[in-house]
Structure formats: structure tokens, C-alpha cells
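The next block holds one structure in the form of C-alpha cells; read it before the comments.
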Amino acid sequence: MRTVWTRRLSVTVVVLAVAGYGLAAARFGPALSGTGVAQAAVTRASAAPAVRPQSLTVATNAGQVFGRTTGLVDQFLGIPYAAPPVGRLRWQPPQPVRPWAGIRSALSYGSRCAQLASTNGPRFDTENCLTVDVYAPAVIPAGGGLPVLFMINGGDLENGAGDQHDGSLLAQQAQMIVVSFNYRLGPFGFLTLPGLTAARSAVNGNFGLLDMEAALRWVRLNIAAFGGNPRAVAIDGESAGADAVCALLASPPAAGLFSRAILQSSGCVSESAATARQNALALAARAGCTVPARAASCLRAKPEATVLNASAGYVPQFVSGGPELPIAPAPAIAFGRFTKVPIMVGTNRDEGRPLAAAAAFWTHQQYVQIVTFVFGATLAPAVLKEYPLSDFPRPYQIAYALAAELTDSGVIDGIGGCAEQNLAGEFVRDGAPTFFYEFDDRNAPPLSNNIPPGYQDGAGHAEELAYMWPSFTNGLSFYAELTGAQLELSRQMIAYWGAFTRNGSPAAFFQPPWQSFGSQVLMSLQPGGQSREIFGISFAQEHHCAFWNTVGRSAEGVPGTGAAGQLLRHARAWARWLTGLGE
């Protein structure tokens, strides 16, 4: 989704020229049409005594808010959870919101945080953006206590927003509270410069991570007023949002703010403080702050638009070494230094296929060149032998082979195949109850129309989102494109996510059983009632894990080809290499 191939998309769009991939974030429409307060009144009037209506006026710790209803789901949108991070509060940890008098409207989303135009939507030029959105069943059990799903949007930590995740469908079908929110992005949320802030809790510039923790504290303080249980909060994220879940698991200040964690296509990536400072100084220079010793003060004096303009090409990352993230997420998980809660982790069967579509018409020489560039001259021959073109259907053999290599190796920020299975195994080894899945609808609606005729997008990156979040902006919805069999899978996934949020296990009534990955089985999510458990060894065989697991680990601890992952994450050399391709 990021659209949703967040940084993975932004980097590889340059690499593979997948123009228009991930229009998902700009195409989804509302999950539920509003049926009006009158219908809500009828629904509530007929409710049994064991339930009570959810009031549209709710008191928070900063003041009362007034929401709206669809008749089935109440929505409270654009509620501030922290003070606007503007002026002297730019590049500072989030501060408490100033209480308001009277009743504040919560009828519309708050502004997205400052971001450049992308496949996730248009440019936004405001830093006043720290808001939460709450979705609750219109009629809830007396006393409330519903489980809470806290969704972190993807977007490479540089674009996207909570308004992409309308939780109405989940709230209605799973009978839980859903929270989405905005956090600071790009250079405003992730910038490491000495002297930028005096706050010890943000010495490495993880302001966006601190925003996430502030929003979770808002949930702990306020969600009971909306009918939720603050002791049953599941944090969920996809792609960069899943990386954020990894960071929260590894962040000591976040301990106790959630009781479950869901990671959809996560690589748990981060970077060193030294690399982050180098990238920040390069951004400052583009903004006109060319003296390193004065870069922080110079940049702070720049208008928001100037900083945002200079962020083109900037790759924000979580940075370890400070109190909010003392150990990088991947090593923290590998060494068991994370919050032990029930965990659901998963991947899509064909994560790399949308990205590899641009290789559909490459020559064999071009294919060999890029495999050599990505995996290195030493490893490339073995990769080419492991994935012979004869194993893939014509006419797009090269694209499918490259897609399989990208998916299975985890070179794209540690996402896909073997990397995800290894991550699940690390959680199990460290004592966290862990449930592993593979989204396997190979006819899922593609996130782009810009694919060659007849090219099979498969179960590509982010394509599971439409099954639970039919709510991306601009009035279009992939949810509306789902067949009857796919809608059955949608209901099934919502049941699993709801059960996990409620109980810490995805076991759901009338659904196929789903055991812990400690039993070395995972759930294959398929349409038409075909979801079933499969053995981990079968998954490993399909994704060539015996091969990829011999490659080793990168400095960040990401399984797979570390050097290639570094290139894909950081090297603008991809663009330079492609510019010279075929010359």
C-alpha cells in the first residue's frame, strides 16, 4: 500500500521504473457509506438491554469531542493527541495538547503531516498534524472493554497518513475499537543532527517514533471512554508501519503501551547514527545550510517548505543509540531484547512481483547485469543457477525470475519469504507466542494498472490491505473489486485479526485452526474458503530458503544478502546504474 510500497517503492520505482505502482493509497474509497443518525437511532433503540449506544460526545483528557455515525460505526476523527510540533516545538519530542473548552468537532480528518507528493497522495505543507482517529461499533457491550487495534500506516516514513486506514469495516465485523493516527514524517520526523534538540529522549532524531508512543499513551488514557480496553491494545503496521512495530517492540519507553503486535511485511530496518548524521548533513546542505557545525541552527530557521523541498531523495530511518531505541530493532529481536507479547507476523507470497513488472521487456543481458549488480559478482552466478528462467512461464520469464529473487532473498529492506520466516523463528526462539502467515491470493487486485498485458501480479506487496482496509483516499476502492471468494477471505482475515487483538491468538470461531509457529506451521491465507495451515518446511522450499539462509546477515541483522539490502536501501547508485543500462 504506500501507495504502499513505501521506501521500498520510492527506491525501487527509480530502480525498476514502476511508474504508478501503488496507486492504492490514492484510489481507495470509504469502507462504509453513511446511513445517518436517524438509522443509528433506530438501531440503538432496538438494542437489547445487554448493550448500550456509544455516545457521539466523548470526554477525553483534553476536552470533549463530537463524532459522527454511519449507523453501524461511530467515527471520531482528527482528535489532537499532542501539541502541534511547530515553531519552537519543531524537532522536539511531542508535548501535551492544550485543553479546549466546550465540545470540539471530530467530524473530519486532521491534516496529513508534511510530505512531498507521492503515489500515496499530493504534497502537504503543514506540521500541525498530530491527530488520532477512532472507530467504534455504534452499539457496544455495556461497560465497553472492547479490544483495540492501533494501526500504523506505511509510506517509507516519508508519506501517507492515518486517513488511509478507515477502521469502520474492522470495527463493525470484528467488534473492536480501531485507532489510526498521523506521525511526523521525513525530515520532520526522522532527522539526526547534533544540536537539533536538547531533549535527551530524541538525541538520534526519532521524533516520529516518539509521536507513535505519544499516540499510544493517548489511547491508554482515553480509549475506555470510547468503549475500548486499554489493556488489550494490538499495534499493527504494514511495510514501514511494520518496521515501526519492530521499533516499538525494541523501545523501552513503549513497554506497557500495547499487549499484542502485528507485523505485515516487515524488515525491522534501521540505520546507524553515523549514517543518519551523514544523510542529515546532506539534506541540510541542499536546504542551504552548508556549514556542518551550524547546520542544526541554520536548518531550524528555515521555512517548512524549504526543508521539505530539500528532502527529495532523503531516506528517513529509525536510528538506534538513544534512550528511545538503545539497540537497533533487528539485533534487539535477535538477542531477545524486546517486549515479549503475542506476535503475528506475515508476508505476501509474491512481494516483489509489482516491482519486477518493469523488467518484463528486459533482455537477458540486462537481467544478468542487474542480478550481478544487486547480489555481487561472486554470488550472482549462484543466484542465476538457483532461479533458471526455464522455471518461469513465458512471456515474462525474466520479470518473474527477478521477482522471485527479490521476494525470497529479503534484499528489499528484509521483506519477503525467508527473511520473514526467520523473523518469526526469532520471536518463537525468544519466547514470544508467534503466529506466522502468508497472504496467498495470487489473483488479488493489483495496486497499479501500469503492468504489461497478461502479467500476473500475484500476491504482491501490500495487496492484502484491501481485504481489511477498503478505505484509501480519493473515492476509489479495491475492496469493491473483490470477488465473492475474495470477500470470504476478507471476512476470514478480519476474524483472525479481531481474535488476535482480543485474545493474543488468531483462533476464531468457524475458521480453520491456526497454530503457533512454534509448531512449525503457518497459515496460508487463500480465497474461497481455501485458507489452511501449511508446514514451514514447505514454505521454505518454495522460497529457496536453504539457499538464501547460507548468504549471511547484514550489519543490521537482516537475514539474507546484507550488501544487496544496503544497496537497495541507501544507494542512489541504482538510479545511476539504470541510467547507463544498455549504453
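The values are calculated or read from the model by the stated rules, or taken from the named source; none is laboratory data. Here the structure is a predicted model, which is why all the values come from computation and not from measurement. Quick reminder, even Gly has a Cβ in these numbers, built from the backbone with ideal geometry, and neighbours come from all protein chains shown. Ligands, DNA and RNA are excluded from the accessible area calculation, which covers all protein heavy atoms including side chains. Shrake-Rupley method; radii C 1.70, N 1.55, O 1.52, S 1.80 Å.
When only the heavy atoms of the protein chains count and the probe is 1.4 Å, how do Ser55, Ser320, Ser168 rank by accessible area, highest first?
Largest accessible area first, the list is Ser55, Ser320, Ser168.
Extension gain for the segment Ser55 to Thr290, taken as residue separation times 0.36 nm less the Cα-Cα distance, is 79.1 nm to one decimal. Can you give the accessible area of Asp430, probe radius 1.4 Å, in Å² rounded to 10? Counting only protein heavy atoms, the figure is 30 Å². FRET efficiency for the Asn443 to Arg88 pair, using the beta carbon distance and R₀ = 45 Å, is estimated at 0.30. Here the extension length gained between Gln541 and Thr306 equals 79.6 nm, from 0.36 nm per residue of separation less the Cα-Cα distance.
Once the Cβ-Cβ distance of Ser105 and Ala142 is raised to the sixth power relative to R0 = 35 Å, the FRET efficiency obtained is 0.80. Rg and Dmax, both from the Cα atoms of the range 389-531 and both in Å, are 16.5, 47. What the Cβ-Cβ distance of Ser390 and Thr483 gives, at R0 = 25 Å and to the nearest 0.05, is a FRET efficiency of 0.20. Compactness of the range 217-272, taken as the C-alpha radius of gyration over 2.2 N^0.38 Å, stands at 1.21.
Taking 0.36 nm per residue of separation and subtracting the Cα-Cα distance, what length does fully extending Phe335 through Phe66 add?
Length gained, Phe335 through Phe66: 92.3 nm.
Taking Cβ atoms as reference points and 12 Å as the exclusive limit, the residues near Thr57 contribute a net charge of +1, counting Lys and Arg as +1 and Asp and Glu as -1. Of the peptides 58-64, 250-256, 212-218, 342-348, the ranking by mean beta-carbon count within 10 Å, highest at the top, reads 342-348, 212-218, 250-256, 58-64. Summarising the label geometry, the points placed 7 Å from Cα in the beta-carbon direction at Phe361 and Asn549 lie 4.1 nm from one another. Cα extents for the range 263-362 along the principal axes, largest to smallest and rounded to whole angstrom: 46, 45, 21. Spatially, the range 301-323 and the range 73-103 are offset by 21 Å when compared through their Cα centroids.
Distance distribution P(r), the range 199-327, all Cα-Cα pairs, bin width 5 angstrom from 0: 2, 10, 16, 19, 17, 14, 10, 7, 4, 1, 0 percent. How many percent of all Cα-Cα pairs in the range 315-442 sit more than 17 Å apart? Counting every Cα pair in the range 315-442, those more than 17 Å apart make up 65 percent.
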